[in-house]
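Here the structure is laid out as C-alpha coordinates; the discussion comes afterwards.
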Amino acid sequence: MEILEKFWEFIFPSNIYCICCNSIIDRTRPYALCDRCVQKFHWTGKKTCQKCGKILEEGYVHDWCIDCRTMDHLFIKGFTCTRYGLYERVLMMDYKYHDKAWIGRKVGDILADRMQGEAFLPDLVVPVPIHKDREAKRGYNQVELMARQYARLAELTLDCRMLIRTKDTLPMRNLGVSERIANVQDAFSIRKGWEAKPAGKTILLIDDIYTTGSTADSCTQTLLQGGAKEVWLLTFAGGSNVIPSNSLQ
Ligand SMILES: [Zn+2]
Ligand SMILES: [Zn+2]
(Lines give C-alpha, C1' and ligand atoms only; values in the text may rest on other atoms or scores of the structure.)
(Ligands and ions follow the chains in the order given, each with its own letter.)
Protein backbone atom coordinates (compact mmCIF):
# COMPACT_ATOMS: atom_id res chain seq x y z
CA MET A 1 0.00 0.00 0.00
CA GLU A 2 2.85 2.40 0.81
CA ILE A 3 4.30 1.79 -2.65
CA LEU A 4 0.92 2.33 -4.25
CA GLU A 5 0.55 5.63 -2.41
CA LYS A 6 4.01 6.75 -3.56
CA PHE A 7 2.96 5.89 -7.08
CA TRP A 8 -0.14 8.06 -6.80
CA GLU A 9 1.91 10.88 -5.32
CA PHE A 10 4.14 10.70 -8.38
CA ILE A 11 1.27 10.68 -10.86
CA PHE A 12 -0.85 13.26 -9.03
CA PRO A 13 1.42 15.29 -6.74
CA SER A 14 -0.77 16.50 -3.92
CA ASN A 15 -1.65 20.15 -3.48
CA ILE A 16 -1.36 21.14 -7.12
CA TYR A 17 -5.01 20.81 -8.08
CA CYS A 18 -8.04 21.39 -5.88
CA ILE A 19 -9.43 17.95 -5.04
CA CYS A 20 -12.96 19.23 -5.63
CA CYS A 21 -12.94 21.54 -8.68
CA ASN A 22 -9.49 20.76 -10.15
CA SER A 23 -8.40 24.40 -10.27
CA ILE A 24 -4.70 25.01 -9.74
CA ILE A 25 -3.81 25.83 -6.15
CA ASP A 26 -0.63 26.54 -4.26
CA ARG A 27 0.87 23.90 -2.04
CA THR A 28 -0.11 25.53 1.23
CA ARG A 29 -3.88 24.99 0.85
CA PRO A 30 -5.11 22.65 3.60
CA TYR A 31 -6.63 19.40 2.32
CA ALA A 32 -5.69 20.50 -1.23
CA LEU A 33 -8.96 22.44 -1.49
CA CYS A 34 -9.08 25.86 -3.15
CA ASP A 35 -10.40 28.80 -1.10
CA ARG A 36 -13.69 28.80 -2.99
CA CYS A 37 -14.36 25.10 -2.32
CA VAL A 38 -13.37 25.43 1.34
CA GLN A 39 -16.01 28.13 1.65
CA LYS A 40 -18.62 26.10 -0.22
CA PHE A 41 -18.19 23.05 2.02
CA HIS A 42 -20.67 22.74 4.89
CA TRP A 43 -18.23 22.15 7.72
CA THR A 44 -19.48 20.74 10.98
CA GLY A 45 -20.06 23.56 13.44
CA LYS A 46 -21.17 23.54 17.03
CA LYS A 47 -24.66 22.08 16.69
CA THR A 48 -24.53 18.44 15.63
CA CYS A 49 -26.73 15.45 16.35
CA GLN A 50 -25.42 13.92 19.56
CA LYS A 51 -26.13 10.45 18.22
CA CYS A 52 -25.02 10.35 14.55
CA GLY A 53 -23.05 13.60 14.25
CA LYS A 54 -25.04 15.18 11.40
CA ILE A 55 -25.20 18.98 11.30
CA LEU A 56 -28.44 20.28 12.85
CA GLU A 57 -30.33 23.27 11.52
CA GLU A 58 -30.04 26.58 13.34
CA GLY A 59 -32.89 26.85 15.82
CA TYR A 60 -33.50 23.11 15.97
CA VAL A 61 -34.16 22.50 19.65
CA HIS A 62 -33.38 18.80 20.15
CA ASP A 63 -29.97 17.18 20.65
CA TRP A 64 -30.73 14.34 18.26
CA CYS A 65 -31.69 14.71 14.58
CA ILE A 66 -35.14 13.60 13.42
CA ASP A 67 -33.81 10.34 11.99
CA CYS A 68 -32.08 9.40 15.24
CA ARG A 69 -35.17 10.29 17.26
CA THR A 70 -37.15 7.90 15.09
CA MET A 71 -34.72 5.04 14.48
CA ASP A 72 -32.56 3.14 16.95
CA HIS A 73 -28.87 2.73 16.23
CA LEU A 74 -26.50 0.08 17.46
CA PHE A 75 -23.39 2.26 17.43
CA ILE A 76 -22.66 4.45 20.45
CA LYS A 77 -22.10 7.77 18.71
CA GLY A 78 -21.09 9.15 15.32
CA PHE A 79 -18.96 12.08 14.19
CA THR A 80 -19.12 13.74 10.76
CA CYS A 81 -16.94 16.40 9.16
CA THR A 82 -19.34 18.02 6.67
CA ARG A 83 -22.89 18.00 5.43
CA TYR A 84 -23.26 16.09 2.17
CA GLY A 85 -23.99 19.06 -0.08
CA LEU A 86 -23.20 19.72 -3.74
CA TYR A 87 -19.45 20.29 -3.36
CA GLU A 88 -18.96 17.40 -0.96
CA ARG A 89 -20.82 15.21 -3.45
CA VAL A 90 -18.65 16.31 -6.38
CA LEU A 91 -15.54 15.46 -4.36
CA MET A 92 -16.83 12.04 -3.28
CA MET A 93 -18.02 11.04 -6.77
CA ASP A 94 -14.70 12.02 -8.28
CA TYR A 95 -12.82 10.14 -5.57
CA LYS A 96 -14.93 7.02 -5.83
CA TYR A 97 -15.50 6.63 -9.54
CA HIS A 98 -12.69 8.41 -11.36
CA ASP A 99 -9.60 6.56 -10.28
CA LYS A 100 -8.41 9.24 -7.87
CA ALA A 101 -7.16 7.16 -4.98
CA TRP A 102 -4.82 9.93 -3.85
CA ILE A 103 -7.80 12.00 -2.64
CA GLY A 104 -8.10 9.48 0.21
CA ARG A 105 -5.13 11.02 1.99
CA LYS A 106 -6.74 14.45 1.92
CA VAL A 107 -10.04 13.15 3.26
CA GLY A 108 -8.06 11.29 5.94
CA ASP A 109 -6.51 14.63 6.93
CA ILE A 110 -10.02 16.08 7.28
CA LEU A 111 -11.11 13.14 9.49
CA ALA A 112 -8.04 13.58 11.71
CA ASP A 113 -8.72 17.29 12.17
CA ARG A 114 -12.36 16.58 12.99
CA MET A 115 -11.33 14.26 15.82
CA GLN A 116 -8.75 16.64 17.30
CA GLY A 117 -9.83 17.40 20.84
CA GLU A 118 -12.33 14.53 21.08
CA ALA A 119 -11.38 12.55 24.17
CA PHE A 120 -12.03 9.20 22.60
CA LEU A 121 -9.46 6.49 22.03
CA PRO A 122 -10.57 3.39 20.13
CA ASP A 123 -8.59 0.13 20.18
CA LEU A 124 -9.10 -0.33 16.46
CA VAL A 125 -10.01 1.76 13.42
CA VAL A 126 -12.04 -0.29 10.93
CA PRO A 127 -13.14 0.99 7.50
CA VAL A 128 -16.49 -0.17 6.10
CA PRO A 129 -15.42 -2.78 3.57
CA ILE A 130 -16.59 -3.00 -0.04
CA HIS A 131 -17.22 -6.33 -1.74
CA LYS A 132 -14.05 -7.92 -3.12
CA ASP A 133 -15.40 -7.93 -6.70
CA ARG A 134 -16.09 -4.22 -6.50
CA GLU A 135 -12.66 -3.53 -5.01
CA ALA A 136 -11.01 -5.56 -7.78
CA LYS A 137 -12.90 -3.50 -10.38
CA ARG A 138 -12.23 -0.11 -8.80
CA GLY A 139 -8.72 -0.95 -7.69
CA TYR A 140 -9.19 0.41 -4.18
CA ASN A 141 -11.67 0.77 -1.36
CA GLN A 142 -12.04 4.53 -1.03
CA VAL A 143 -13.01 4.23 2.64
CA GLU A 144 -9.94 2.16 3.44
CA LEU A 145 -7.59 4.78 1.98
CA MET A 146 -9.06 7.62 4.03
CA ALA A 147 -9.13 5.43 7.17
CA ARG A 148 -5.49 4.53 6.59
CA GLN A 149 -4.42 8.16 6.55
CA TYR A 150 -6.60 8.99 9.55
CA ALA A 151 -5.21 6.08 11.62
CA ARG A 152 -1.66 7.08 10.70
CA LEU A 153 -2.15 10.69 11.80
CA ALA A 154 -4.08 9.75 14.95
CA GLU A 155 -1.57 6.99 15.76
CA LEU A 156 -4.29 4.36 16.04
CA THR A 157 -4.28 0.72 15.00
CA LEU A 158 -5.98 0.14 11.66
CA ASP A 159 -7.63 -3.16 10.77
CA CYS A 160 -8.76 -3.61 7.17
CA ARG A 161 -8.90 -7.42 7.24
CA MET A 162 -11.22 -8.47 10.05
CA LEU A 163 -14.53 -7.11 8.70
CA ILE A 164 -15.58 -8.22 5.21
CA ARG A 165 -18.56 -7.53 2.96
CA THR A 166 -19.97 -10.85 1.91
CA LYS A 167 -22.91 -9.49 -0.08
CA ASP A 168 -22.38 -7.25 -3.11
CA THR A 169 -25.03 -4.72 -2.11
CA LEU A 170 -26.81 -2.20 -4.34
CA PRO A 171 -25.75 1.46 -4.24
CA MET A 172 -27.77 3.07 -1.44
CA ARG A 173 -28.50 6.43 -3.04
CA ASN A 174 -31.81 5.53 -4.71
CA LEU A 175 -33.18 3.36 -1.92
CA GLY A 176 -35.73 4.24 0.76
CA VAL A 177 -35.24 3.61 4.46
CA SER A 178 -36.55 0.04 4.62
CA GLU A 179 -34.85 -0.88 1.34
CA ARG A 180 -31.55 0.41 2.71
CA ILE A 181 -31.90 -1.73 5.83
CA ALA A 182 -32.76 -4.82 3.75
CA ASN A 183 -29.92 -4.11 1.32
CA VAL A 184 -27.20 -4.30 3.97
CA GLN A 185 -28.84 -6.91 6.20
CA ASP A 186 -26.35 -9.74 6.79
CA ALA A 187 -24.02 -8.10 4.27
CA PHE A 188 -20.97 -8.21 6.55
CA SER A 189 -19.12 -10.86 8.50
CA ILE A 190 -15.90 -11.47 10.38
CA ARG A 191 -13.23 -13.03 8.17
CA LYS A 192 -12.55 -16.71 8.77
CA GLY A 193 -9.58 -17.06 11.08
CA TRP A 194 -10.07 -13.53 12.51
CA GLU A 195 -12.92 -14.42 14.86
CA ALA A 196 -10.95 -13.59 18.04
CA LYS A 197 -9.99 -10.11 16.81
CA PRO A 198 -13.03 -7.99 17.82
CA ALA A 199 -13.33 -9.46 21.32
CA GLY A 200 -13.54 -6.75 23.98
CA LYS A 201 -12.44 -4.01 21.56
CA THR A 202 -13.73 -0.48 21.25
CA ILE A 203 -13.93 0.03 17.50
CA LEU A 204 -14.13 3.22 15.46
CA LEU A 205 -15.87 2.42 12.20
CA ILE A 206 -15.06 4.71 9.25
CA ASP A 207 -17.33 5.41 6.29
CA ASP A 208 -17.48 8.07 3.58
CA ILE A 209 -21.14 9.12 3.71
CA TYR A 210 -23.68 8.72 6.47
CA THR A 211 -27.37 8.86 5.56
CA THR A 212 -29.76 6.64 7.52
CA GLY A 213 -27.08 4.70 9.37
CA SER A 214 -28.18 1.33 8.02
CA THR A 215 -24.69 0.40 6.76
CA ALA A 216 -23.12 1.51 10.04
CA ASP A 217 -25.69 -0.45 12.03
CA SER A 218 -25.21 -3.60 9.98
CA CYS A 219 -21.40 -3.42 10.45
CA THR A 220 -21.90 -2.66 14.15
CA GLN A 221 -24.17 -5.67 14.56
CA THR A 222 -21.55 -7.96 13.02
CA LEU A 223 -18.78 -6.52 15.19
CA LEU A 224 -20.86 -6.74 18.39
CA GLN A 225 -21.88 -10.31 17.58
CA GLY A 226 -18.18 -10.96 17.10
CA GLY A 227 -17.57 -9.81 20.68
CA ALA A 228 -16.64 -6.13 20.23
CA LYS A 229 -17.26 -4.04 23.35
CA GLU A 230 -18.66 -1.03 21.54
CA VAL A 231 -18.63 0.62 18.13
CA TRP A 232 -18.33 4.32 17.34
CA LEU A 233 -18.52 5.94 13.93
CA LEU A 234 -16.63 8.57 11.95
CA THR A 235 -17.77 9.68 8.49
CA PHE A 236 -16.70 12.36 6.04
CA ALA A 237 -20.19 13.65 5.25
CA GLY A 238 -23.66 13.37 6.74
CA GLY A 239 -26.59 13.37 4.31
CA SER A 240 -29.97 14.98 4.85
CA ASN A 241 -32.53 13.39 7.11
CA VAL A 242 -34.82 10.98 5.30
CA ILE A 243 -37.76 11.68 7.56
CA PRO A 244 -39.58 14.92 6.62
CA SER A 245 -38.81 17.64 9.14
CA ASN A 246 -42.49 18.50 9.64
CA SER A 247 -43.35 14.99 10.81
CA LEU A 248 -41.77 15.43 14.23
CA GLN A 249 -41.07 18.47 16.32
ZN1 LIG B 1 -11.85 24.03 -5.66
ZN1 LIG C 1 -28.72 11.84 14.15
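The table for this structure:
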| read-out | value |
| --- | --- |
| Among GLN149, GLN50, GLN39, residue whose mean-square fluctuation peaks in a GNM of the chain (springs only between Cα atoms under 10 Å) | GLN39 |
| Heavy-atom accessible surface of the range 100-158: percent carbon and sulfur, 1.4 Å | 45 percent |
| Solvent exposure, largest accessible area first (probe 1.4 Å, DNA, RNA and ligands not counted), of HIS131, HIS98, HIS62 | HIS98, HIS62, HIS131 |
| LYS40 accessible area, 1.4 Å probe, all protein chains in place, Å² to nearest 10 | 90 Å² |
| Cβ-placed point charges (K, R +1; D, E -1), dipole of the range 68-142 about Cα centre in debye, nearest 20 | 260 debye |
| Shape call, the range 61-178: gyration tensor on alpha carbons, a/c limit 1.5 | rounded |
| For the range 41-171: relative contact order, % (alpha-carbon pairs under 8 angstrom, 6 or more apart) | 22 percent |
| For TYR60, solvent-accessible area (1.4 Å; no DNA, RNA or ligand), Å² | 40 Å² |
| Relative contact order, percent, the range 168-223 [alpha-carbon distance under 8 Å, six or more residues apart] | 47 percent |
| Total formal charge among the other residues, if their Cβ is under 10 angstrom from that of CYS160, Lys/Arg +1 and Asp/Glu -1 | 0 |
| Highest-fluctuation residue, GLN225, GLN142, GLN116 considered, GNM on the chain with Cα pairs under 10 Å | GLN116 |
| Net charge over other residues, Cβ less than 11 angstrom from the Cβ of ARG180 (K, R count +1; D, E count -1) | -1 |
| Efficiency of FRET between ARG152 and ILE16 - r from beta-carbon atoms, R0 22 angstrom, step 0.05 | 0.50 |
| For the chain: span of alpha carbons on each principal axis (Å, largest first) | 50, 45, 36 |
| Total formal charge among the other residues, if their Cβ is under 11 angstrom from that of PRO122, Lys/Arg +1 and Asp/Glu -1 | -2 |
| The chain - percent relative contact order, Cα under 8 Å, separation 6 or more | 21 percent |
| Percent of beta bridges antiparallel (DSSP, the chain, rounded to nearest 5) | 30 percent |
| Gain upon complete extension [ILE24, TRP194; 0.36 nm per residue less C-alpha separation] | 56.7 nm |
| Estimated inter-spin distance, LEU224 and ILE76, nm [label 7 Å along Cα→Cβ] | 1.3 nm |
| Rounded accessible area of VAL90 (nearest 10 Å², 1.4 Å probe) | 70 Å² |
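The values are calculated or read from the model by the stated rules, or taken from the named source; none is laboratory data. Because the structure is predicted, anything quoted here is derived from the model rather than measured. Here Cβ is always computed from backbone atoms with ideal geometry, including for glycine, and neighbour counts include all displayed protein chains. Accessible surface is based on the protein model in full, side chains and every heavy atom, while ligands, DNA and RNA are left aside. Shrake-Rupley method; radii C 1.70, N 1.55, O 1.52, S 1.80 Å.
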